[in-house]
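Colleague: Below is one structure. I have some questions about it.
Where a number appears in this text, it was derived from the coordinates with a stated rule and is not lab data. Small disclaimer: the values here were computed from a predicted structure and weren't measured. Cβ atoms come from the backbone with ideal geometry, glycine included; neighbour counts cover every protein chain shown.
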Ligand SMILES: Nc1ncnc2c1ncn2[C@@H]1O[C@H](COP(=O)(O)OP(=O)(O)OP(=O)(O)O)[C@@H](O)[C@H]1O
Ligand SMILES: [Mg+2]
């Protein structure tokens, strides 16, 4: 029998049992819609992650030491901390073997309590402040780094422009290469220079949103004065809009000043800087992390540092995203199996109902193959129709889900995968009843009523 | 076994299990039909006529004995080949028509030709003559459920004839027909017979059996020549 003729028979049968076909395919409809949505959600999540990490260099690593949160900085304590820090550094340099420990203990015993004053912090907590020296240690001792910079942030009261009273902004102390490392681009002016840092100039660069909020617009901000902690800073540049970022400083909302300027006028040593290094080869990241830890362990024994690399952050985000997708896919599979069992049930009943027909087909010379094909094709068509309806359903459901804040990206691939799944389910679950039907002896099938 | 034998059965037995008991329906049947013969099998209800016919039509297995059709040993033939034989060699008119309810008259009639691999257009063309001969031309789009018993009988006959079988088997072909249409069908059989077809017909009506060349009696599963 010709295949087209079999399809013709399938068509006749399906048209005459429209309602039954629809009922059968409900499981498949839901399954297909689920698959399309799952894939759309997965892709949406991936796009989200990609967007969040857009500004991030894959080879970048942030080194920081978690600090116990402190109250507002007090000038005297800061000065003390800074001197301790420099003392320890000189000690380290003059007598590397013995005085490293003493330098540390000096910091613990004398520096810390003085700094804390009446604060309720536990005394055993060690205070470590990463410095430019540490950064230099790392860059000279660890191979495979292309760049390194150090930053810290502080909350400061800002006055100037359209601000009525004062407002609190994030102020970031950075070196000149920060803009390049963070892929920041300028809208107006230039980023902070090395000279600004060395001379502790009171200049700043405003993030796009910050400039807009303080001065109304970016070009008005340029070359104006901003008062940070009551000292005037010249706006030397405004950044282009960066969008949201997953890690690091949210550049749009921040005010950038030279590293040394901030320490001198704003924070003293009361900072928790983050050293950012960039691996020249992404594959070396794990060995670089080990080396950095070794270098830091020399300066600060038994201190815990957090080294987070952008790649693994991205990886983690993608992984959690994948986990979610896998879970959803598992759900879709269950829906499909249930749908498939539904198909199988209906086909079994239909085979029972149509045993006489099968007998007749066999009596007039229908081979096993023809009967098997007809019933499988019927199952296939039912599931294909269900699949198409399911894809349509998913298109209808997407705006609703998106309304709940779920990011979804529909794709042709998703729809095709769903249809593929439908056909496979239909064939697999349609095969058994069809095979049973095709094996009947004609007379038995005929006398079944 | 001579080459002119269309059907050659020897010692055929068939029984059905009824609970623990065996119901012997055919008892050592020897039955031979020559090519071109028009044979009637006459017998009371329940004597096993339909059972014998199903075996002749390659639709049922026999328990013991041998059966050759056109020299082919059916009792040893695989199902795939049997399907081909049913399609090409045998036209079977069932006692209770056995039309497919979802298909209309035309689709039912051309089904054997579709099975053979013809496309729908060709099959319909090949059946047109037989359809008009049986007076079904104005009922082609109807479903079997919309036909009278006689019309259904004629559809079943048309389906059996359109495949131009070398052996036509008819199980009570006139059972549901009135006098005149019954006579028409029998006249048609006579004509087909004169054209060289081999026909085996079952009936329990002596008058119908008269149309045949030869009559055999089947009584309680035993064939009396
Ligand atoms: N599938 C079956 N299972 C059990 N017994 C059967 C089966 N088919 C037929 N029989 C029995 O075999 C016997 C012969 O049946 P068959 O249909 O051959 O009779 P028949 O001669 O064609 O009768 P009728 O003239 O009424 O059509 C009957 O007694 C019937 O009950
Ligand atoms: Mg009978």
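Colleague: Over all alpha-carbon pairs of the range B:98-225, lay out the pair-distance distribution in 5 Å bins, whole %, shortest bin first.
Modeller: Spelled out per bin, shortest first, that is 2, 10, 20, 21, 20, 13, 8, 4, 1, 0.
Colleague: Using Cα centres only, tell me the gap between the range A:155-205 and the range B:104-137 in whole Å.
Modeller: Between the Cα centres of the range A:155-205 and the range B:104-137 lies a distance of 90 Å.
Colleague: Next up: Please give the average number of partner chain Cβ atoms lying within 10 Å of the Cβ of each residue in A:364-373, rounded to a whole number.
Modeller: Mean partner shielding for this stretch: 6.
Colleague: Of B:17, B:143, B:191, which has the largest mean-square fluctuation in a 10 Å C-alpha GNM of chain B?
Modeller: B:17
Colleague: How far, in degrees from 0 to 90, does helix B:120-133 lean away from the longest principal axis of the Cα atoms of chain B, to the nearest 10?
Modeller: 80
Colleague: Just checking the output field for A:356-363: average partner chain Cβ neighbours within 10 Å of each residue's Cβ?
Modeller: 6
Colleague: On the first, second and third principal axes, largest extent first, how far apart are the outermost C-alpha atoms of the range A:153-273 in Å?
Modeller: 33, 31, 27
Colleague: So in the protein assembly as shown, what percent of DSSP beta bridges are antiparallel if you round to the nearest 5?
Modeller: On the way: 52 of 78 bridges.
Percent antiparallel among DSSP bridges in the protein assembly as shown is about 65.
Colleague: Roughly how tilted is helix B:179-194, in degrees to the nearest 10 and between 0 and 90, from the longest Cα axis of chain B?
Modeller: Between helix and principal axis, roughly 70 degrees.
Colleague: Further question on the same structure: Using label points projected 7 Å from each Cα along Cα→Cβ, tell me how many nm separate residue A:411 and residue A:12, to one decimal.
Modeller: 4.4
Colleague: To the nearest µm²/s, what D does Stokes-Einstein give for the range A:371-439 at 20 °C and 1.002 mPa s, using the Kirkwood radius over alpha carbon pairs as Rh?
Modeller: 161
Colleague: Now, a different point. Would you mind checking the tilt of helix B:149-162 against the longest principal axis of the Cα atoms of chain B, expressed as 0 to 90 degrees and rounded to 10?
Modeller: Helix B:149-162 and the main axis of chain B meet at about 80 degrees.
Colleague: Top mean-square fluctuation among B:19, B:182, B:149, Gaussian network model of chain B, C-alpha springs under 10 Å?
Modeller: Fluctuation is largest for B:19.
Colleague: Separate question: For q values of 0.28 Å⁻¹, compute log₁₀ I(q)/I(0) with the Debye formula on a Cα-only model of the range B:174-225, without solvent.
Modeller: After summing over all Cα pairs, the log10 values are -1.17.
Colleague: Distances over 42 Å make up what percent of all Cα-Cα pairs in the protein assembly as shown?
Modeller: Numbers: 125934 of 226801 pairs.
Tail fraction, whole percent: 56.
Colleague: When A:204, A:380 are ordered from fewest to most other Cβ atoms inside 10 Å of their Cβ, what list results?
Modeller: By the 10 Å Cβ count, ascending, the order reads A:380, A:204.
Colleague: Then there is this: I'm a student and want to see the number: the projected area of the Cα convex hull of the range A:295-340, averaged over all directions, in nm².
Modeller: If I average the Cα hull's projected area over directions, I get 4.7 nm².
Colleague: Would you mind giving the mean number of other chain beta-carbons within 10 Å of the Cβ of each residue in B:94-106, as a whole number?
Modeller: 4
Colleague: Another question, then. Let me know the Kirkwood hydrodynamic radius for the range A:261-389, please, with Cα pairs as the basis and the value in Å to one decimal. Could you put the intermediate results ahead of the total?
Modeller: Values: mean 1/r = 0.0454 Å⁻¹.
Kirkwood radius, the range A:261-389: 22.0 Å.
Colleague: If we sort A:400-406, B:151-157, A:186-192, A:268-274 on the protection proxy, mean other Cβ atoms within 10 Å, highest first, what's the order?
Modeller: B:151-157, A:268-274, A:186-192, A:400-406
Colleague: Now for a different question. In Å, the Kirkwood hydrodynamic radius of the range B:1-136 over pairs of distinct alpha carbons?
Modeller: Evaluated over the range B:1-136, this radius sits at 17.1 Å.
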